[in-house]
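Below: one structure in structure tokens.
The values are calculated or read from the model by the stated rules, or taken from the named source; none is laboratory data. Just so it is clear, the model here is predicted, and its values are computed rather than measured. Cβ sites come from the backbone with ideal geometry, for glycine too, and all protein chains shown count toward neighbours.
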């Protein structure tokens, strides 16, 4: 059944598959030491939807990450429903068609509760050490600005567009990621 769903999704170019944060945690826990001091790129992950982004943001300090970057393609249908974008004052159709990136370099316990949690992730964008900006293009992983981010990253962890998986994988191989 699942295999049929994936084949149907590929044919329809339906690429929105999300990985449960529990599955991410169960797999990545084996590589915790590998991530220490690394710059992680989630280049197909809207930070408002992606459990990969949330996992790395929540574990940024305990895993000793140097930097976390996430980009999204053409904005998000749910952007602002969990966390507010700094450009949420734009009209809704513009907001939902905006590709952006977030660069996290520091995750302090801003709410003072002794833990890094989603409340702290919400405050990440307001922290001057972190930056959320619009992308010049549409956020496609093949665009020059996204390729530049790929080249700077040490590690890429993402849910790539299923219909473009071979092209995506070829790009990772080309840039030795």
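Working only within the stretch 56-74, note down all residues that are surrounded by 22 or more Cβ atoms within 10 Å (Cβ to Cβ) and free of Cβ contacts under 8 Å to residues at least 40 places away in the same chain.
The answer is 65, 68, 70.
Among the residues of the stretch 10-24, write down those that are within 22 Å of residue 172 (Cα to Cα), at pLDDT 65 or above and not in a helix (DSSP H, G or I).
Scanning the stretch 10-24 gives 18, 19.
I'd like the full set of residues that are under 22 Å from residue 39 (Cα atoms) and either in contact with a helix residue (DSSP H, G or I) (Cβ under 6 Å, 6 or more places away or on another chain) or touching a residue at least 12 places away in the same chain (Cβ under 8 Å) (or both), limited to the stretch 157-177.
157, 158, 159, 160, 161, 168, 171, 172, 175, 177
Per-residue answers, yes or no, for (1) in a loop (DSSP other than H, G, I, E, B); (2) at pLDDT below 90:
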{"site": "93", "(1), (2)": "no, yes"}
{"site": "110", "(1), (2)": "yes, yes"}
{"site": "146", "(1), (2)": "no, no"}
{"site": "151", "(1), (2)": "no, no"}
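Determine, yes or no, whether residue 122 is crowded, with 18+ Cβ neighbours inside 10 Å and either more than 21 Å from residue 35 (Cα to Cα) or modelled with pLDDT under 85 (or both).
On the way: crowded, with 18+ Cβ neighbours inside 10 Å: no; either more than 21 Å from residue 35 (Cα to Cα) or modelled with pLDDT under 85 (or both): yes.
No; evaluated as a whole, the condition is false for this residue.
Something else now. Looking at residue 7 and the list (1) outside any helix (DSSP H, G or I); (2) at pLDDT below 90; (3) under 16 Å from residue 160 (Cα atoms), which single condition is not satisfied?
Of (1) outside any helix (DSSP H, G or I); (2) at pLDDT below 90; (3) under 16 Å from residue 160 (Cα atoms), only one is false for residue 7: (1).
Can you confirm whether residue 27 is at pLDDT 55 or above, within 14 Å of residue 158 (Cβ to Cβ) and surrounded by 13 or more Cβ atoms within 10 Å (Cβ to Cβ)?
no
Which residue is nearest to residue 105 (Cα to Cα), if the candidates are limited to the stretch 57-75 and must be within 9 Å of the chain's Cα centre (by Cα) and modelled with pLDDT of 90 or more? Break it down stepwise before answering.
Filtering the stretch 57-75 for residues within 9 Å of the chain's Cα centre (by Cα) gives 68-72.
Checking the rest, the ones that are also modelled with pLDDT of 90 or more come to 68-71.
Numbers: 68: 7, 69: 9, 70: 12, 71: 15 Å.
Filtering the stretch 57-75 for residues that are within 9 Å of the chain's Cα centre (by Cα) and modelled with pLDDT of 90 or more, the one nearest to residue 105 (Cα to Cα) comes out as 68.
Would the stretch 31-40 turn up any residue that is closer than 21 Å to residue 129 by Cβ, modelled with pLDDT of 85 or more, touching a helix residue (DSSP H, G or I) at 6+ places or on another chain (Cβ under 6 Å) and crowded, with 16+ Cβ neighbours inside 10 Å?
So in the stretch 31-40, the residues closer than 21 Å to residue 129 by Cβ come out as 35-40.
Checking the rest, the ones that are also modelled with pLDDT of 85 or more come to 35-40.
Within this subset, residues satisfying the condition of being touching a helix residue (DSSP H, G or I) at 6+ places or on another chain (Cβ under 6 Å) are 40.
Now drop any that are not crowded, with 16+ Cβ neighbours inside 10 Å, which leaves 40.
Yes, some residue in the stretch 31-40 is closer than 21 Å to residue 129 by Cβ, modelled with pLDDT of 85 or more, touching a helix residue (DSSP H, G or I) at 6+ places or on another chain (Cβ under 6 Å) and crowded, with 16+ Cβ neighbours inside 10 Å.
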